[in-house]
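Working notes for the structure below.
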């Protein structure tokens, strides 16, 4: 089967898709949310080197794109949880394919993999 090729000028489907997950942390945030709902600090611990400011920025952008749902519970102290929307969940095959490709690429170059 022949794949349809797009002229990947500005506005092409590849650019649109990559724009949604562009940035150092967005793809990793989405990957960790595949396992289910996480609170802000739990997500931050999973990411390691991300600053609070950057995580907030990336989560807001993912929320604006309709990929992440932010739920605030009126408690003291307030509890905020993040989960994938149906649209965000639709990225699962893409994220898992990127993970498998990354594992193979790292293994080919004998690079150490980060522990989860």
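Please treat every number below as a calculation from the coordinates, not as lab data. Computed from a predicted model, the values in this text were never measured in an experiment. Neighbour counts are summed over all protein chains in view; Cβ atoms, including those assigned to glycine, are modelled from backbone coordinates with ideal geometry.
Observations, loosely collected:
- Ranked list, fewest to most other Cβ atoms within 10 Å of each Cβ, for 21, 29: 21, 29
- Sorting 57, 24 by the number of Cβ atoms found within 10 Å of their own Cβ, with the fewest placed first, yields 24, 57.
- For the range 49-101 and the range 31-45, distance of Cα centres in Å: 8
- Calculated mean residue ellipticity, 222 nm, the chain: -14500 deg cm²/dmol, from DSSP H runs (n ≥ 4) at -39500 (n - 2.57) each, averaged per residue and rounded to 500.
- Extension gain, residue 109 back to residue 12 (0.36 nm per residue minus Cα-Cα distance, nm): 31.7 nm
- Neighbour-count order for 31, 82, 73, fewest beta carbons within 10 angstrom listed first: 73, 31, 82
- Relative to the longest principal axis of the Cα atoms of the chain, helix 92-108 runs at roughly 70 degrees.
- For the peptides 87-99, 58-70, residues were scored by their other Cβ atoms within 10 Å and the scores averaged per peptide; the highest-first order is 58-70, 87-99.
- Sites residue 94 and residue 56 - FRET efficiency at Förster radius 25 Å, r taken between beta-carbons, to 0.05: 0.55
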